[in-house]
1. For the subset of the range 305-324 comprising residues that are modelled with pLDDT of 95 or more and either surrounded by fewer than 14 Cβ atoms within 10 Å (Cβ to Cβ) or β-branched (Val, Ile, Thr) (or both), which member is farthest from Asn263 (Cα to Cα)?
2. What number of residues in the range 250-293 are free of Cβ contacts under 8 Å to residues at least 60 places away in the same chain and among the aliphatic types (A, V, I, L, M)?
3. Taking only pairs six or more apart or across chains, which ones have beta-carbon atoms under 7 Å, a first residue in the range 106-121 that is more than 15 Å from Thr132 (Cα to Cα), and a second residue that is modelled with pLDDT of 85 or more and charged (D, E, K, R)?
4. Could you list all residues from the range 119-152 that are open to solvent by less than 30 Å² (accessible area, probe 1.4 Å) and over 20 Å from Met75 (Cβ atoms)?
5. Does the range 243-250 include one or more residues that are modelled with pLDDT of 95 or more and crowded, with 16+ Cβ neighbours inside 10 Å?
6. Take the residues of the range 325-349 that are closer than 30 Å to Ala174 by Cα and without any contact (Cβ under 8 Å) to a residue 60 or more places away in the chain: which is least open to solvent (accessible area, probe 1.4 Å)?
7. If a residue has to be under 29 Å from Asn128 (Cα atoms) and either modelled with pLDDT of 90 or more or open to solvent by 100 Å² or more (accessible area, probe 1.4 Å) (or both) to count, how many in the range 37-65 make the cut?
8. What are the pairs with Cβ atoms under 9 angstrom where one residue, in the range 180-197, is farther than 11 Å from Leu229 by Cβ and polar (S, T, N, Q) and the other, located anywhere, is open to solvent by 70 Å² or more (accessible area, probe 1.4 Å) and not in a loop (DSSP other than H, G, I, E, B)? Sequence gap at least six, or different chains.
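The values are calculated or read from the model by the stated rules, or taken from the named source; none is laboratory data. From a predicted model like this one, the values you see are computed outputs, not experimental measurements. Cβ coordinates were reconstructed from backbone atoms using ideal geometry, including for glycine residues, and neighbour counts include every protein chain displayed. Just so you know, the surface numbers come from the protein's heavy atoms only, side chains and all, with ligands and any DNA or RNA stripped out. Shrake-Rupley method; radii C 1.70, N 1.55, O 1.52, S 1.80 Å.
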Amino acid sequence: MEALAPGRAPRGRRRAGTEGSALSALSVAAVLLSALLRAPPAVGYLARLPRSFRLTQDSLKIVGSSHFPVSVYVMLHQKSPHVLCVTQRLRNTELVDPSFQWHGPKGKIVSENSTAKVTSTGSLIFQNFEETMTGVYTCFLGYKPTVEETVKNVQLKYLVYAYREPHFYYQFTARYHAAPCNSIYNISFEKKLLQILSKLVLDLSCEISLLKSECHRVKMQRAGLQNELFFTFSVSPIDTEKGPKPCTDHNCESSKRLSKAKNLIERFFYQQVEVLGKRMEPLPEIYYIEGTLQMVWVNRCYPGYGINVLKHPKCPECCVICSPGSYNPRDGTHCLQCNSSLVYGAKACI
């Protein structure tokens, strides 16, 4: 009796002809999709969710230090935390006749500024943070400890950084038993499979991208040659406001949507194995090879941004804007050293 290669369907079963087989495989995939969309959500499935890169509620008010600059992280195009013009000690102390004055990279900040607001208690709040607003901000605080005492002056420095969500996605690879490598049915099947996967994640505002598709002849263990399709594709979240079906509920967070999309894709391939195992007809020419689905998590930053746990321990998974002396030219994970770079967010070393 012929030995079975691990994770593959039995080779002894008769297969249908090439043309009918390709159409049969497409029909199986379509049926699988229909069943999958009707299936109840998985219960007790342990999904790998990325750790949150967002700042916690404890960070909504940030106090300064008279000993060192305090780092502040503001998501691009979002409102900032309240940056207080006091230290932790002074925050819990009564201040008589306090005065506050803020200076940023472009000079003095007035309370009427449209992009930055200074409250009556001296807090600095950015309304719509832009890359160009990154830099050193200094607050000058004057106050009296008591009515009888003279004015004391304190200078507090903050390093305010723009940061963005990482560009993260899952990359999958899967193998299919195929028709001869020069067959048009392989191409037809590939297009249909991508359409099915895209429809599968559409409601989650995620998109499927084909990264690579290759056909190879593979020598099996203790068996002959067979044709196999090697698919590599990715699933990534898209802009929820620009997607074909805008996301409006609490599940709009990118990591949650992406995790659900990953689960659907894994179930889709698992159910292909189940359906083929129950078929009484001969195996189609093109079918998924059990156990070949592989997945990796890919995390990238946009050009001009990078992740640096040592430099930004309070925002360890944030894609923080590159500081002067560094740059990120492409979708890499880290800012690279460049001594000639004198600006924040450099995308080239010039």
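1. By that ranking, first place goes to Ile321.
2. Of the residues in the range 250-293, 2 are free of Cβ contacts under 8 Å to residues at least 60 places away in the same chain and among the aliphatic types (A, V, I, L, M).
3. Listed by first residue and then by second, the contacts come to Ser111/Lys117.
4. Gly122, Thr138, Cys139, Leu141, Gly142, Tyr143
5. Checking the range 243-250: not a single residue is modelled with pLDDT of 95 or more and crowded, with 16+ Cβ neighbours inside 10 Å.
6. Restricting to residues being closer than 30 Å to Ala174 by Cα and without any contact (Cβ under 8 Å) to a residue 60 or more places away in the chain, the top hit is Gly332.
7. Qualifying residue count, the range 37-65: 8.
8. Ser188/Leu23
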